Structure formats: C-alpha cells, structure tokens
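What follows is a short report on a single structure.
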Amino acid sequence: MSALSPLRNYIDGAFTDAADGRTTLVVDPSTGEAYATAPLSAAADVDRAMAAAEAAFGPWRDTTPARRQLALLKIADAVEARARELVDAECRDTGKPRRITATEEIGPMVDHIRFFAGAARLLEGKAAGE
C-alpha cells in the first residue's frame, strides 16, 4: 500500500483540516484500495465555510458584469487546461470510465461556465453597475 495523500477543505482562501482533526479514508471504488485521507467535516466546518461564503458575497455582488465575466472565463480556462488531471481525479474518486467523465462531465462543465460568463453581461439597468 502506498502512502495516502492528505486531502483538505478549502475555506476562506486557505486549505484547512476539519476543526476537530478527524479524517476518513477515500477509497477508489474500481480497486477497493484507499488512496487518500479527507477531513471528516462537521457542523463547525460547515459554519466556517458558510461564514466565508457570506463574507465573499458582498464584494461579488458589487462586482461589475465585466469583471464577473472575466472571472468565470478564467475559471473555465483553468478547468479546460487541467481537464486530464480532473478526469483522473474524478475517475479515481468515483470509478467512472474515463471517456464518459471527459465527454459528459468536464466538457459540458466548461461550456456551462462559459455560458454563464456570457450571461453575466446581459444584466440590464442599475443592476448592471456599468
């Protein structure tokens, strides 16, 4: 058995462990072997993540459509650039076939993000802020 990779929560711009330090094994369903540990998050972790999301809402709400579009396009480009890595991770986590994951999940995800990037520019009136 190889060393287990430690996974972590991502909350408020930083990687973090569960507040109480608990972890759980992550198992590749296609092999039955554990390949990582992940935080076993509880209410305190969810509360911290929700507080961070609530704090981020104000600045995002006040962002212009142009900046929102640019942010979403950058996300789509980053997903597309790391598609192979994301397919590998998803297949290991779920046991899904690579082809299905690549064609039915990653590609459409990039397309959806780009669609909503375009939609961000369709706001009208005062809500647009431009």
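The values are calculated or read from the model by the stated rules, or taken from the named source; none is laboratory data. For clarity, every value in this text was computed on a predicted model and none was experimentally measured. Glycine also receives a Cβ, built like all others from the backbone with ideal geometry; neighbour counts cover every protein chain displayed. Areas reflect the complete protein model, heavy atoms only, side chains present, ligands, DNA and RNA absent. Shrake-Rupley method; radii C 1.70, N 1.55, O 1.52, S 1.80 Å.
One table, with the values for the structure above:
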quantity	calculated
Total residues in the range 1-45, condition of a type in the set (Val, Ile, Thr) and over 22 Å from Val87 (Cα atoms)	4
Single residue of Pro59, Pro65 found to be under 30 Å from Gly118 (Cβ atoms), of a type outside the set (Lys, Arg) and open to solvent by 60 Å² or more (accessible area, probe 1.4 Å)	Pro59
Cβ-Cβ under 7 Å pairs, at least 6 apart or on other chains, the range 52-81 side over 17 Å from Asp12 (Cβ atoms) and among the acidic types (Asp, Glu), far side open to solvent by 70 Å² or more (accessible area, probe 1.4 Å) and part of a helix (DSSP H, G or I)	none
Failed condition for Phe115, given (1) within 18 Å of the chain's Cα centre (by Cα); (2) surrounded by 15 or more Cβ atoms within 10 Å (Cβ to Cβ); (3) not acidic (Asp, Glu)	(2)
Single unsatisfied condition, Leu123 versus (1) surrounded by fewer than 17 Cβ atoms within 10 Å (Cβ to Cβ); (2) of a type in the set (A, V, I, L, M); (3) closer than 25 Å to Ala14 by Cα	(3)
Which listed residue, of Asp12, Asp45, is under 17 Å from the mean Cα position of the chain (by Cα), over 24 Å from Cys91 (Cα atoms) and open to solvent by less than 60 Å² (accessible area, probe 1.4 Å)	Asp45
Residue under evaluation Gly21, criteria (1) within 25 Å of Leu4 (Cα to Cα); (2) of a type in the set (Gly, Ala, Ser); (3) surrounded by 14 or more Cβ atoms within 10 Å (Cβ to Cβ), criterion not met	(3)
Hits in the range 68-98 (condition: among the polar types (S, T, N, Q) and either surrounded by 17 or more Cβ atoms within 10 Å (Cβ to Cβ) or closer than 23 Å to Ala117 by Cα (or both))	Gln69
